[in-house]
There are 2 protein chains.
Amino acid sequence: MKATDAEVDIVRLLKTGGGDHISGQMISLELGISRTAVWKHIGVLRKAGYSIEGSPKKGYRLLPFPVPFNGIEVRSGLKRGIIGRNLFFFPTLDSTNTKASRLAAGGADEGTVVIADGQSDGKGRLGRKWHSPPGVNLYTSIILKPDIPPQQAQTLTLMAAVAVAEAVEAYSPVRPTVKWPNDILIESKKAAGILTEMNSETDRVNFVVLGIGVNLNMNLPDELLHTATSIKEKTGREVSRAEFAQRLFSSIEKWYKVFLAEGFEPVSSVWRTYFDREGKHINVRGSREVEGICMGIDSQGSLLVRLGSGQVERVISGELA
Amino acid sequence: MKATDAEVDIVRLLKTGGGDHISGQMISLELGISRTAVWKHIGVLRKAGYSIEGSPKKGYRLLPFPVPFNGIEVRSGLKRGIIGRNLFFFPTLDSTNTKASRLAAGGADEGTVVIADGQSDGKGRLGRKWHSPPGVNLYTSIILKPDIPPQQAQTLTLMAAVAVAEAVEAYSPVRPTVKWPNDILIESKKAAGILTEMNSETDRVNFVVLGIGVNLNMNLPDELLHTATSIKEKTGREVSRAEFAQRLFSSIEKWYKVFLAEGFEPVSSVWRTYFDREGKHINVRGSREVEGICMGIDSQGSLLVRLGSGQVERVISGELA
């Protein structure tokens, strides 16, 4: 459900109070709402998992634990900006991308975010599944409405990859790498993935949905043991999902603004610092197999491969071996 | 609503009978359905606007007039193929593209067609309206699922333009021209338009909706008098909308098969025969204005313009002045 402004603001207020009590009257004045409304919102917050002590004389006090994972908590730690100004949180969804697409088709604003605690039908690229158990990871989708032709939408995936890599880097013992076009790896194992979907005319994007899954605290199931990892597996430490989400959204906010103001060029420069295959021999399987030396990416985010013949081939879509 | 196979088959049978009666038993045998079912379908057909005489001894006979405009009539004249194998007809829709997108998102097959007699919110390119009065024109949307990257989707618009131009040509006193990227003109006035929308990942199209509006029998309203025309305005003759739709769908069927088998190249060759601006000085307004000599289109359907500097610029999106 949607994280409402009033509840987010109350959590912010209670947090700035540190361990101190804040009176209902103060909250009522700060937010410009009635005492009764404050009392109702406090009830919602308690149901949402916050421990809030209330005393008729002193007012309300937020206990530091437990820190729930929900939309209110995520938004309460976000700076004001585009990404996450509307935030929908669900205990479970089939797919955050599907939900976000529906919201966008219904007119949801740019920057609207969907988070699910777990996904029953998490989507990966090329019709694959994304393993999405509840309670451990981050599954989120973000609606963007950039004024670009669909031909350039791949560059948004790479922009997101930079933002995700930055966020992962803050928690990872080693620098993550990006695997073109949409995975973030730690020591060659998948820690995060991006699925960009869009609705467009042939020359104009109506909206883009950036779907992002990050393996945070997941214990790897046997079938993923050799290909995937999680932050916790690498560090032994539990990551706060709300804190990670805040870091990720502010990173996306930053890079999206760079992208809108200066285009793909500066994003691409940083992306390359996370990309470790340039100059190496690679193999890409797309509509056909392309093999050669990786020459980096072009201005549309396509992969450039120098074939044995010396010719450079542009790969729009494919799977890096 | 959906034109059912049984009703389409009964209309086909009655038409092959010419003016003769066909017995209920014969229809029942041919279609493998009960006599009662035949009787029910005949009732539906009568409600749908067909004049069907019934005599207990001789059977059923279809009178040549009136020829209704509906999904059954359109399908009854189509050869078996992909385009129109599923066909939904509505007296009125907000937009056939919106309806077709919803059907596609719900899993509708490739080739599914939506037709509306009139549209209350007909869509043109770049968020514009498409004038869509009921009773006079053709408004249709076709679901395609080609295995192409979104970067190539513009070529589908141009494929559709060839198919529409061919169909219009069969009724027009002069050869129509195409205006890049999506209009079909008769003597410089808009006779038809195409709005291609798609749902895709950044490197894979999930589905494309080809929206096509053709001005057939419309009397031009004042505000469109200088920019648009209709077949009837040009010829003085009423066009059968069902017949035009059949011709259009079989033209799309043909060109889509060429496109899938041989790519854009052969489509592009024919498109150029309808395009009258190559080699001429043109002005394209997109994200910025580009002026120069038109050098035709490239393999992605983008317009090529040779600037004063001699450099050739590729225009993905824009409006030809």
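Just so it is clear, none of the values below were taken in a lab; they were calculated from the coordinates. Since the model is a prediction, treat every value here as computed from it, not as a measurement. Cβ: placed from backbone, ideal geometry, glycine included. Neighbour counts: every protein chain shown.
Worth pointing out:
- Placing a label point 7 Å from the Cα of B:SER309 along the Cα-to-Cβ line, the residues of the stretch A:229-263 whose backbone N sits under 20 Å from it are A:262-263.
- In this simple spin-label approximation, A:GLU187 and B:ARG128 carry label points 7 Å from Cα along the Cα→Cβ vector, and these lie 5.9 nm apart.
- Out-of-range pairs (alpha-carbon distance over 20 Å; input B:LYS190/B:LYS254; A:LYS2/A:LYS123; B:LYS79/B:LYS257; B:LYS15/B:LYS58): B:LYS190/B:LYS254; A:LYS2/A:LYS123
- Taking packing as the residue-averaged number of other Cβ atoms within 10 angstrom, the listed peptides A:125-136, A:144-155 run from highest to lowest as A:144-155, A:125-136.
- Placing a label point 7 Å from Cα along the Cα-to-Cβ axis, A:PRO66 is separated from the same position in the other copies by 6.7 nm, shortest listed first.
- Karplus-derived 3J(HN,Hα), 6.51/-1.76/1.60, for each residue of the stretch B:175-187, Hz, glycine and proline x: 5, x, 10, 9, 10, 4, x, 9, 10, 10, 10, 10, 6
- Segment A:GLU238-A:SER34, length gained on full extension (0.36 nm per residue, minus Cα span): 69.5 nm
- Global geometry of the stretch B:1-143, whether rounded, prolate or oblate, following the gyration tensor of its Cα atoms and the 1.5 cut on a/c: prolate
- Loop sites in the stretch A:177-246: GluC sites (Glu not before Pro), DSSP, at most 15 other Cβ within 10 Å: A:GLU187, A:GLU238
- Axis angle, to the nearest 10 degrees, between helix B:264-274 and the longest C-alpha principal axis of chain B: 90 degrees.
- Backbone HN-Hα couplings from phi across the stretch A:313-321 [Karplus 6.51/-1.76/1.60, Hz, Gly and Pro as x]: 9, 9, 9, 7, 9, x, 10, 6, 6
- Within the stretch B:71-274, antiparallel bridges make up roughly 80 percent of the DSSP beta bridges whose residues both belong there.
- The separation of the stretch B:122-167 from the stretch A:282-308, counted between C-alpha centres, amounts to 33 Å.
- Computed [θ] at 222 nm, deg cm²/dmol, chain A (DSSP H ≥ 4; -39,500 (n - 2.57); rounded to nearest 500): -10000 deg cm²/dmol
- The order of A:THR235, B:THR16, going from fewest to most other C-beta atoms within 10 Å of their C-beta, is B:THR16, A:THR235.
- Cα gyration tensor category, rounded, prolate or oblate, for the stretch A:5-62 with a/c compared to 1.5: rounded
- Once you reduce the stretch B:192-226 and the stretch A:1-68 to the center of their Cα atoms, the two points are 52 Å from each other.
- The stretch B:211-316: trypsin sites (Lys or Arg not before Pro) in DSSP loop, at most 13 other beta carbons within 10 Å: B:ARG237, B:LYS280, B:ARG288
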